[in-house]
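Colleague: Before I ask anything, let me first share the structure, which is written out below as structure tokens.
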Amino acid sequence: MWIKILLVEDNPADADLLAELLEVSAGVQWELVSVEFLHEAIAQLSKQSFDIVLLDLSLPDSHGLETLTSLREVAPDVATVVMTGLDDEATALESVRLGAQDYIVKGQITTQLLVRTIRYAIERSQTFQMLRESERRFRAIFDSSFQLTKLLTPEGIVLEVNQTALDFAGVRSQNIIGYPIWEQLIWQQSPNGKEQLKKGLAKAAAGEFFRGEIDFFGKSGQIITVDFSLKPVKSDTGQVLLLIAEARDISDRKRAEAEILKTLAREKELSELRAKFVTMVSHEFRTPLTTIQFSTGLLQDYSSKWSEDKKSTHFVRIQLAIKRMTELLEDILVIGKIEANTLQFQPVSLNLEKFCRQVVEEQQLNDSNQHPIAFKHQCDNCDAQMDEKLLRQILGNILSNAIKYSPAGSTISLQLNCQNQKAVFQVQDRGIGIPQADLERILETFYRATNVGTISGTGLGLAIVKRAVELHGGQLAIDSEEGKGTTFTITLPLTLDRPEQLNY
């Protein structure tokens, strides 16, 4: 396909950019003639033919809509696409009303957009010429158009509809022609689109060009977005004779745009997570590393003079610091798997009563029995199919938080109730509680409640708990009151009801 283009642009940089965009397009051959003045454009149109004119309205020898008017007086049948700035869309719309086939906004032009706009503009121009020449040619071009096209009376009654639009809506022409366009089923199923249509019809009937993006429900129920326009066709006296309704499916473009925005949002989120991670690691590793450095230094310098008990005290400190760093690294690895969506669910057979007693014993040893943990259970059968590592993360994190944020000597309660094929774990403390304003975000990665003060923590534990519960197909509920305590309720299925639970 060979397309001859007249580019009327006085900005060399913009002209070069358009030329480069056309050069990299595939499937079309271009011949581009570029001029900077309106009088040069008129001279070129007078001595040779062009398929399309790309027209900047602001030229050294002409400005605004008069530029378009002057050009169309010389070449009324040549397709014209107006190029405007970001803040000049009103003028662009007016130029379409005055006869331009389309407009493009500088700063937003891509190769695909430019090629498509040129093709659409040429097609519109050719369509109108064929309408004047013969009904037979009009019908052929009208039906072969890849745009959804209808001809309407100024009141919105359908006069003609092309085959593309019929196929798109899944209807026959006899069910559309002669009826108001808004009575079609596709508009009835989209109330917001129907309202936009009626507003557009009112503008078009008054002689204004209307264009907008409208969402429909497609034949299979999916949302389809179309670029919809209504262009009034006027007599020599300015009377609106009919309206040309055109639409093209831009659903793929909108989905691509949404995916790009989603990706950008995700990248921003990951960037923020990285920043929080660096801050957290530098802070949380500093304390155990300082402990190790201090104790090893003292042991190196004074161990020969110390008793075995004193040396043992420092060895214990070193071991606890190493244990804290190991736990932190384990949490970081789990969070990494969560973010990468690679955390595996690997269920095994467990006796929940025995498992809970083990977890309680581990937490009591870590806490040096400063916070008694009262474990109660009501189970006829405590056997279950659960992921042991993930369940340990759930109960371990919640119990350690209860201990961390509760005063020394206060009792922590763990209750297990197995019935109706579900296990309900409930952990209750009398600690500092979670402020109401923090409850919505407390399960986010790195988020910590605003009342934790100087109590150390990473903000990783509850995020891990949330994902571990989800992988079990369970539910997590939090009931908390600042200053009075917190109750976590975790409900997990005892058995695997769904095969997909095995692969997340």
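Colleague: So I52 fits all but one of (1) surrounded by 14 or more Cβ atoms within 10 Å (Cβ to Cβ); (2) touching an Asp or Glu at 6+ places or on another chain (Cβ under 9 Å); what number is the exception?
Modeller: (2)
Colleague: Still on this model: In this structure, does T445 turn out to be touching a helix residue (DSSP H, G or I) at 6+ places or on another chain (Cβ under 6 Å) and either part of a loop (DSSP other than H, G, I, E, B) or at pLDDT below 90 (or both)? Working first, answer last.
Modeller: Values: touching a helix residue (DSSP H, G or I) at 6+ places or on another chain (Cβ under 6 Å): yes; either part of a loop (DSSP other than H, G, I, E, B) or at pLDDT below 90 (or both): yes.
Judged against the criteria, T445 is a match.
Colleague: Take the conditions at pLDDT 90 or above and in the same structural domain as T111 (by TED's automatic domain parsing) and apply them to L54. Does it pass?
Modeller: Numbers: at pLDDT 90 or above: yes; in the same structural domain as T111 (by TED's automatic domain parsing): yes.
Yes.
Colleague: Select from the stretch 398-435 the residues that are surrounded by fewer than 21 Cβ atoms within 10 Å (Cβ to Cβ), under 40 Å from the mean Cα position of the chain (by Cα) and among the charged types (D, E, K, R) and write down the one among them that is nearest to C382 (Cα to Cα).
Modeller: Among them, the one singled out is K422.
Colleague: In the stretch 340-394, which residues are part of a helix (DSSP H, G or I) and within 21 Å of G431 (Cα to Cα)? Working first, answer last.
Modeller: Within the stretch 340-394, the first condition is being part of a helix (DSSP H, G or I), and the residues that meet it are 352-366, 388-394.
V359, V360, E361, E362, Q363, Q364, L365, N366, Q393, I394 - these are the residues of the stretch 340-394 that are part of a helix (DSSP H, G or I) and within 21 Å of G431 (Cα to Cα).
Colleague: Let me ask you something else. Find the residue count for the stretch 467-481, including only residues that are more than 15 Å from V427 (Cβ to Cβ) and part of a strand (DSSP E or B). Even if it seems obvious, please write down each step before you answer.
Modeller: Quick first cut of the stretch 467-481, residues more than 15 Å from V427 (Cβ to Cβ) only: 467, 470-473, 481.
Restricting the remaining residues to those that are part of a strand (DSSP E or B) gives 481.
Counting residues in the stretch 467-481 that are more than 15 Å from V427 (Cβ to Cβ) and part of a strand (DSSP E or B) gives 1.
Colleague: Please pick out the residue among I224, I181, I186 that is touching a residue at least 40 places away in the same chain (Cβ under 8 Å) and of a type in the set (V, I, T). Outline the logic, then answer.
Modeller: Working: I224 fails: touching a residue at least 40 places away in the same chain (Cβ under 8 Å); I186 fails: touching a residue at least 40 places away in the same chain (Cβ under 8 Å).
Selected residue: I181, the only one of I224, I181, I186 that is touching a residue at least 40 places away in the same chain (Cβ under 8 Å) and of a type in the set (V, I, T).
Colleague: Identify the single condition in (1) out of contact with any strand residue (DSSP E or B) (no Cβ under 9 Å at 6 or more places or on another chain); (2) outside any loop (DSSP other than H, G, I, E, B); (3) surrounded by 13 or more Cβ atoms within 10 Å (Cβ to Cβ) that G336 does not satisfy, given that it satisfies every other one.
Modeller: (3)
Colleague: Just for strands (runs of 3 or more DSSP E) wholly inside the stretch 76-195: which have at least 2 residues that are out of contact with any Phe, Trp or Tyr (no Cβ under 7 Å at 6 or more places or on another chain), in the same structural domain as A245 (by TED's automatic domain parsing) and at pLDDT 85 or above?
Modeller: Correct list: 148-152, 158-161.
The values are calculated or read from the model by the stated rules, or taken from the named source; none is laboratory data. All values derive from a computational prediction rather than experimental measurement. A quick note on method: Cβ atoms are made from the backbone with ideal geometry, for glycine too, and the neighbour counts reach across all protein chains shown.
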